[in-house]
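Please read the structure below before turning to the comments.
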Amino acid sequence: MSPLISVIIPTRNSGRTIEKCLISIQNQTYPDIEIIVVDNFSTDGTYEIAGKYTERAYQKWPERTQQKNYGIKQASGEYICFIDSDMELTSQIIESCVQVFQNTENVGGICIPEDSVWEWFFVRIRAFERSFYSDTRIESARFFRLTDVRMVGGFEEDLIFFEESLLPQKIESRLHRSTYHRIGDIINHHEGSISIGSWLAKKYYYGKSLNEYKKKVKEIGITATADSQIGIIERYMIFL
C-alpha cells in the first residue's frame, strides 16, 4: 500500500482560490491523500466550499500557526504537506515528494518551487523576485514526515510569520535531517491583484514577530541558518 499523505491548508476568506486549490489536490497522480482544511472563520463561503471537497474541514483561530498545528493533530498520514489556499498544484507534486523520501537517505523536508500567476504587474515583479530564491537557503520546505513534525513540536504559535522557515530549521537542528531536497514539479501561486499598499501593510504586520523569531532561533541554536532567511545582505548577494 502507498503511504497516506495529509495535505493541510489553512484558510481565511479564500473563496476566490480555494476551490482551484482543492481540485488540484484531488487531481494528483498519487492516490492516497487526505485533505485537511483549517479555516479561520471566513465570511466569504470558504468553509462551505471546502466542505464540498473534504470531510476534514475544521475551524480554528486566531492565526495560521494555530491552524496548522490543529491540522497536524488531526492528520493520520505518514507524510504531511502544507499548502496555502491560493496555490494550485501541478499533478505529480505529491508523487514526486514521496519518491524523494523513499529513495533518498536522511530526508527531513522537501522544497516545492513556486511560479506566481500574475494578474497585475506588481505580482509579476514578485514572481521575478521569488525566482531568485529557488534552490537557495531562503526557500523553505513544505513536505515532511509527520512524526518528525510532531517530534519538534510543530509550528511556534507565538509567531505570525517566519514559521514556515523555522519548522524545517528545527528538524535540521534537532533531528539532523536535510530539509533542502527539491523537486522539479511546481506550484502555481495565484496571488491575485496585490497592491503595493496592501503588500507593505502585510509585511509590516508580519514583521512584528521578527524579534520573537530571532529569540526562537537563538534558543534552538540555528542563528546562522536563520540569518540567511532574514538577512538583507544575503538577499542582495543572491540578486547580484
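The values are calculated or read from the model by the stated rules, or taken from the named source; none is laboratory data. Treat the numbers as computed from the prediction; the structure is a model and nothing was measured. In this analysis, Cβ positions are derived from the backbone assuming ideal geometry, glycine residues included, and neighbour counts consider all displayed protein chains. The area values use the complete protein model at the heavy-atom level, side chains included, leaving out ligands, DNA and RNA. Shrake-Rupley method; radii C 1.70, N 1.55, O 1.52, S 1.80 Å.
Met1 is checked against (1) touching a strand residue (DSSP E or B) at 6+ places or on another chain (Cβ under 6 Å); (2) in a loop (DSSP other than H, G, I, E, B) and fails just one. What number does that condition carry?
(1)
When only residues in the stretch 56-91 that are assigned to a loop (DSSP other than H, G, I, E, B) and closer than 11 Å to Pro10 by Cα count, which is least open to solvent (accessible area, probe 1.4 Å)?
Ile83
Matching residues to (1) touching a helix residue (DSSP H, G or I) at 6+ places or on another chain (Cβ under 9 Å); (2) more than 23 Å from Val98 (Cα to Cα); (3) part of a loop (DSSP other than H, G, I, E, B); (4) open to solvent by less than 60 Å² (accessible area, probe 1.4 Å):
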{"site": "Ile23", "(1), (2), (3), (4)": "no, no, no, no"}
{"site": "Tyr30", "(1), (2), (3), (4)": "yes, no, yes, yes"}
{"site": "Phe41", "(1), (2), (3), (4)": "yes, yes, yes, no"}
{"site": "Glu48", "(1), (2), (3), (4)": "no, yes, no, no"}
{"site": "Thr54", "(1), (2), (3), (4)": "yes, no, yes, yes"}
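Looking for whichever is of a type in the set (S, T, N, Q), at pLDDT 95 or above and within 18 Å of the chain's Cα centre (by Cα) here; the options are Ser24, Ser76, Ser42. Which one fits?
The match here is Ser24.
So which residues in the stretch 25-53 are aliphatic (A, V, I, L, M) and within 14 Å of Val7 (Cα to Cα)?
Scanning the stretch 25-53 gives Ile25, Ile33, Ile35, Ile36, Val37, Val38, Ala50.
Does Glu105 satisfy being open to solvent by 10 Å² or more (accessible area, probe 1.4 Å), over 14 Å from Thr11 (Cβ atoms) and under 17 Å from the mean Cα position of the chain (by Cα)?
Details: open to solvent by 10 Å² or more (accessible area, probe 1.4 Å): yes; over 14 Å from Thr11 (Cβ atoms): yes; under 17 Å from the mean Cα position of the chain (by Cα): no.
So Glu105 fails the test.
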